[in-house]
1. For S2, work out the one condition from (1) part of a helix (DSSP H, G or I); (2) in contact with a Lys or Arg (Cβ under 8 Å, 6 or more places away or on another chain); (3) more than 16 Å from ligand 2 (Cβ to nearest atom); (4) small (G, A, S) it doesn't fulfil.
2. Can we say L18 is at pLDDT 95 or above, within 16 Å of ligand 2 (Cβ to nearest atom), out of contact with any Ser or Thr (no Cβ under 9 Å at 6 or more places or on another chain) and part of a helix (DSSP H, G or I)?
3. May I ask you to verify whether V278 is within 16 Å of ligand 1 (Cβ to nearest atom), within 21 Å of the chain's Cα centre (by Cα) and among the β-branched types (V, I, T)?
4. Output the residues belonging to the stretch 238-258 that are within 14 Å of ligand 1 (Cβ to nearest atom) and among the polar types (S, T, N, Q).
5. Return yes when L23 is crowded, with 16+ Cβ neighbours inside 10 Å and not polar (S, T, N, Q) and no when it is not.
6. Looking at the stretch 114-159 only, could you name the residues that are farther than 19 Å from V310 by Cβ and buried (at least 17 other Cβ atoms within 10 Å of the Cβ)?
Amino acid sequence: MSKTALVFGATGQDGSYLCEMLLKKGYNVLAIARRSSVDNTERLKYCLNHRKFTMVRGDICDQSFVFSTIAKNNPAEIYNLAAQSHVGDSFTQPNYTIDVDLMGTLNVLNGILNFSKSSRFYQASTSEMYGSCFSYYSLIDGTRVESKTAISREDFIKKKCFQDELTAMIPNSPYGVAKLASHNLVKIYRESYGLYACSGILFNHESPRRGELFVTRKITSWIGMRKNSKTKEKLQLGNVDSLRDWGHAKDYVEAMHSMLQLNAPDDFVIATGCTYSVEDFLNVAFKHAGFGSWKRQVVLNPTLKRPFEVDALRGVSTKAAKALKWEPSYNFDLLVKEMVESDIDGHKV
Ligand code: NDP
Ligand code: GDR
């Protein structure tokens with residue numbers, strides 16, 4: 001008999017790719033989508049008519065809904081991708097972010113504990129949990145050095161600083177705080193109650209399905225509009241100096257599934273190991289679009305800067321490469337190219 005997978009956050013970028021992948025693997029997929037006054041199932045268009053796909057309307061903050069859904073379906077696997085996932089918005093909506101990103105997770109963990117202890121659980125943790133913390137290997141004696149303090153961008157690049165499963169985590173945003181608390185709860189429920197519960201510490205991952213308020217898609221959707229003469233406005237951005245480790249969402253959902261197929265649950269960093277600035281993204285995206293320098297088309301607007309920033313991220317996935325045999329299939333250039341082409345083409349994916 002086919003396994004059932006329950007997916008919270010199915011209408012999001014990752015949720016849609018995950019549901020497609022699980023259907024291809026033969027799962028019955030039960031997708032949770034929030035009630036909405038307008039259609040929010042656009043990204044699920046390849047799943048909606050599949051005979052093994054069922055969509056249920058519900059909110060992760062509604063404990064009675066979460067409990068009854070888990071109890072009724074006794075899913076083999078449960079993926080928690082539901083979140084207020086915009087870091088910048090978590091500064092203006094901290095209570096709401098904590099409700100969804102922390103209390104929502106707690107609802108699912110308690111649902112599993114009370115009604116479906118054999119369900120395997122995946123939690124969407126994030127590189128935002130590190131804040132300004134990083135690690136590097138000393139050039140003098142090769143020992144591992146941990147740092148919780150700021151470092152210049154140049155030093156981060158030069159010293160090949162990185163984050164992995166052992167790096168300290170001190171978040172710089174309400175979003176990061178909620179995610180770190182959830183991350184710790186997953187570990188506590190695993191150790192205390194023997195649940196098969198894993199966290200994937202995923203670094204930024206993008207795709208043509210990325211929400212338009214995240215910086216990569218904000219850039220490529222503007223390029224698409226400009227190319228198709230749908231806007232004369234300049235593109236407004238905040239901090240273009242920050243460094244991110246950007247992968248493709250399709251690769252990252254494979255890792256989520258693999259984490260639930262091991263003999264024992266564990267947490268894994270999923271990242272490409274390469275770091276680029278927002279400015280690098282602009283350069284490559286403008287090149288693929290055949291535009292000139294971005295500097296004439298972009299307005300740097302200080303009001304779009306965050307009160308507290310995560311300056312630099314570079315993830316090391318050695319543990320995942322070994323245990324999950326996971327490695328990314330997209331590099332930075334290919335990712336940017338796919339996003340630019342999709343938006344120029346009218347976003348048909
Ligand atoms: P999205 O913002 O695209 O998707 C979030 C999903 O959560 C949407 O389906 C959204 O529904 C749903 N959701 C929000 N609030 C609730 C709620 N109260 N009840 C039920 N569902 C809710 O995020 P991504 O797909 O990019 O990310 C997936 C997860 O991974 C998130 O938890 C995110 O924080 C985390 N993450 C993402 C990374 C990335 O780079 N993409 C990196 C690391 C972690 P709706 O469509 O109605 O808004
Ligand atoms: P991030 O992604 O905060 O890393 O969180 P985002 O794309 O929002 O920002 C990346 C960097 O770009 C800078 N930036 C801007 N960002 C946005 N959104 N809009 C702008 O106009 C803009 N201008 C510059 C930001 O300051 C930042 O430095 C993403 C989300 O998917 C999280 O849910 C996830 O946990 C992390 O990635 C890993």
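The values are calculated or read from the model by the stated rules, or taken from the named source; none is laboratory data. Only a predicted model underlies this, so the values are computations on that prediction, with no experimental measurement involved. Reconstructed Cβ throughout: ideal geometry from the backbone, glycine too, with neighbour counts over all protein chains shown.
1. It fails just one condition, (1).
2. Details: at pLDDT 95 or above: yes; within 16 Å of ligand 2 (Cβ to nearest atom): yes; out of contact with any Ser or Thr (no Cβ under 9 Å at 6 or more places or on another chain): yes; part of a helix (DSSP H, G or I): yes.
Against the criterion (at pLDDT 95 or above, within 16 Å of ligand 2 (Cβ to nearest atom), out of contact with any Ser or Thr (no Cβ under 9 Å at 6 or more places or on another chain) and part of a helix (DSSP H, G or I)), L18 qualifies.
3. When the stated conditions are applied, V278 passes them.
4. Within the stretch 238-258, S242 is the sole residue that qualifies.
5. yes
6. If the condition is that a residue be farther than 19 Å from V310 by Cβ and buried (at least 17 other Cβ atoms within 10 Å of the Cβ), then F115, S116, S119, R120, F121, Y122, Q123 are the ones that fit.
Conditions (1) at pLDDT below 95; (2) surrounded by 14 or more Cβ atoms within 10 Å (Cβ to Cβ); (3) touching a Leu at 6+ places or on another chain (Cβ under 6 Å); (4) not hydrophobic (A, V, I, L, M, F, W, C), marked per residue:
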position: R306; (1), (2), (3), (4): no, yes, no, yes
position: A312; (1), (2), (3), (4): no, yes, yes, no
position: G315; (1), (2), (3), (4): no, yes, no, yes
position: K325; (1), (2), (3), (4): no, no, no, yes
position: L334; (1), (2), (3), (4): no, no, no, no
position: K337; (1), (2), (3), (4): no, yes, no, yes
position: S342; (1), (2), (3), (4): no, yes, no, yes
position: K348; (1), (2), (3), (4): yes, no, no, yes
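Listed here are the residues, each with its yes/no results for (1) within 27 Å of E206 (Cβ to Cβ); (2) surrounded by fewer than 22 Cβ atoms within 10 Å (Cβ to Cβ); (3) touching a residue at least 40 places away in the same chain (Cβ under 8 Å).
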| position | (1), (2), (3) |
| --- | --- |
| S16 | yes, no, yes |
| C19 | yes, no, no |
| A31 | yes, no, no |
| K45 | yes, yes, no |
| A76 | no, yes, yes |
| L81 | yes, no, yes |
| T92 | yes, yes, no |
